[in-house]
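Reviewing the structure listed below.
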Amino acid sequence: MKVSVALAALASVAAVNAHTRFQWFQINGADYGSDYIRIPPNNNPVTDVNSSVMGCNVGGSSGKPKKATIAAGGTFTAEFHHEGRTTQGIDPSHKGATIAYLAK
């Protein structure tokens with residue numbers, strides 16, 4: 001019984017393959033495109049949790065020179081895409097949790 005529970009848990013962990021890219025955003029309905037976002041060079045997930053790129057992905061030590069401002073109470077809308085703006089947010093084979101980090 002313990003072995004079957006452990007195997008089921010391991011199987012479910014292997015099924016989580018989420019990866020997508022935060023590529024565009026809008027503030028109060030105005031499109032800011034991708035000029036303000038450091039987009040990772042590819043859609044591959046970081047698999048080594050001890051890697052120096054785990055927090056900010058490949059190239060994470062360099063930022064973008066443009067800054068966008070949003071007033072208190074404003075609306076921020078993030079767009080996630082698998083590959084480019086015309087593709088779905090998360091590829092059907094890559095479902096799971098995703099995260100985007102926004103900094104001041």
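The values are calculated or read from the model by the stated rules, or taken from the named source; none is laboratory data. What you see is a predicted model; the values in this text were computed from it and never measured. As a convention, Cβ positions derive from the backbone with ideal geometry for all residues, glycine included, and neighbour counts pool all protein chains shown. Surface accessibility is based on the protein's heavy atoms, side chains included, excluding ligands, DNA and RNA. Shrake-Rupley method; radii C 1.70, N 1.55, O 1.52, S 1.80 Å.
Data for the structure
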read-out	value
Residue match in the stretch 56-74 (condition: touching a residue at least 24 places away in the same chain (Cβ under 8 Å) and within 13 Å of the chain's Cα centre (by Cα))	yes
Test: HIS19 is at pLDDT below 75, within 13 Å of the chain's Cα centre (by Cα) and open to solvent by less than 40 Å² (accessible area, probe 1.4 Å)	yes
Criterion violated by ALA78 - all others in (1) in a loop (DSSP other than H, G, I, E, B); (2) of a type outside the set (S, T, N, Q); (3) free of Cβ contacts under 8 Å to residues at least 60 places away in the same chain satisfied	(1)
Residue, farthest from THR87 (Cα to Cα), within the stretch 20-54, restricted to residues that are part of a strand (DSSP E or B) and without any contact (Cβ under 8 Å) to a residue 40 or more places away in the chain	ALA30
